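The values are calculated or read from the model by the stated rules, or taken from the named source; none is laboratory data. Note that this is a predicted model, so its numbers are computed, not measured. Note: ideal-geometry Cβ built from the backbone for every residue, glycine included; neighbour counts use all protein chains shown. Heads up: the accessible areas ignore ligands, DNA and RNA and are worked out on the full protein's heavy atoms, side chains in. Shrake-Rupley method; radii C 1.70, N 1.55, O 1.52, S 1.80 Å.
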Amino acid sequence: MSPVTHFFAGWLLASATPLNRREKTAVVCAGLAPDLDGLGIIPELLTRNSSHPLLWFSQYHHALHTLAFALLVTLAAWLYCALPRFTLGPNIQSPSAPTRPAMAAALAFLSFHLHLFCDLIGSRGPDGYSWPIPYLSPFSSRFQITWHGQWALNGWQNILITTLLMFFTLWISVGKFASPLELISAGANKAVVHALRKHH
Ligand SMILES: [Zn+2]
């Protein structure tokens, strides 16, 4: 599925928990992290008509959709949440507020796998290719996950799911005073939520 869908899915997952803003950021980023291997699309498109086209997207997309990378991302999420003073990102609201780095790491692991699941069910390419997930790569290439019922990346199912996720996001934003903007700025979140509630 598209990064937009993964973003809302990750944020909703994080919002169902008592995590603070920084920890939610870690969970959302973990849900987007597998698609870092899709950034090869940029050089691939730019060099498409050159004499030496770079096929980095075709070759490496899904190379990071693996258990090994999930564990690395989980460790990074834990460090990011356990050592807030040493890294950038939203600060914890007050020094006495509870922090939950272990829960954030567990949810980051879950968020990563939610991404894999979403890709498994709805990421068939326009050419019909199902982008198998090489879950145990680089240790074993034998285990490739696919699902025969997989629908297309631009299928109506994905549009419906994304619309529903956005609807729930709006609902939670108004109900819980927390919108995805809280990941960037507490002030922006507050302003948007107040504006939304006024029109409610
Ligand atoms: Zn993906």
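Taken together, Phe57, Phe69 contain a single residue that is touching an Asp or Glu at 6+ places or on another chain (Cβ under 8 Å), within 16 Å of the ligand (Cβ to nearest atom), in a helix (DSSP H, G or I) and open to solvent by 10 Å² or more (accessible area, probe 1.4 Å), which is Phe57.
Assess whether Ile184 counts as being under 17 Å from the mean Cα position of the chain (by Cα) and either open to solvent by 60 Å² or more (accessible area, probe 1.4 Å) or not aliphatic (A, V, I, L, M) (or both). Working first, answer last.
Numbers: under 17 Å from the mean Cα position of the chain (by Cα): yes; either open to solvent by 60 Å² or more (accessible area, probe 1.4 Å) or not aliphatic (A, V, I, L, M) (or both): yes.
Answer is yes for this residue.
Scanning segment 53-78 for residues that are more than 18 Å from the chain's Cα centre (by Cα) and either at pLDDT 90 or above or among the β-branched types (Val, Ile, Thr) (or both) yields Pro53, Leu54, Leu55.
Can you find a residue in segment 34-43 that is in a helix (DSSP H, G or I), charged (D, E, K, R) and within 14 Å of the chain's Cα centre (by Cα)?
yes
Within the bounds of segment 38-53, is there any residue that is open to solvent by 10 Å² or more (accessible area, probe 1.4 Å) and touching a residue at least 40 places away in the same chain (Cβ under 8 Å)? There is no residue in segment 38-53 that is open to solvent by 10 Å² or more (accessible area, probe 1.4 Å) and touching a residue at least 40 places away in the same chain (Cβ under 8 Å). Residue count for segment 119-133, restricted to those that are open to solvent by 20 Å² or more (accessible area, probe 1.4 Å) and either at pLDDT 90 or above or within 12 Å of the ligand (Cβ to nearest atom) (or both): 5.
Quick one: which of Trp151, Trp156, Trp171 is open to solvent by less than 60 Å² (accessible area, probe 1.4 Å) and within 30 Å of Leu116 (Cβ to Cβ)? That would be Trp151, the only listed residue that is open to solvent by less than 60 Å² (accessible area, probe 1.4 Å) and within 30 Å of Leu116 (Cβ to Cβ). All of (1) of a type outside the set (Phe, Trp, Tyr); (2) within 16 Å of the ligand (Cβ to nearest atom); (3) in a loop (DSSP other than H, G, I, E, B) hold for Ser50 with one exception: (2). Checked against the criterion of being within 12 Å of the ligand (Cβ to nearest atom), open to solvent by 30 Å² or more (accessible area, probe 1.4 Å) and in a helix (DSSP H, G or I), segment 9-17 contains not a single residue that satisfies it. For Gly31, the conditions (1) under 13 Å from Leu107 (Cβ atoms); (2) away from the ligand (no atom under 16 Å from the Cβ); (3) not polar (S, T, N, Q) all hold with the exception of (2).
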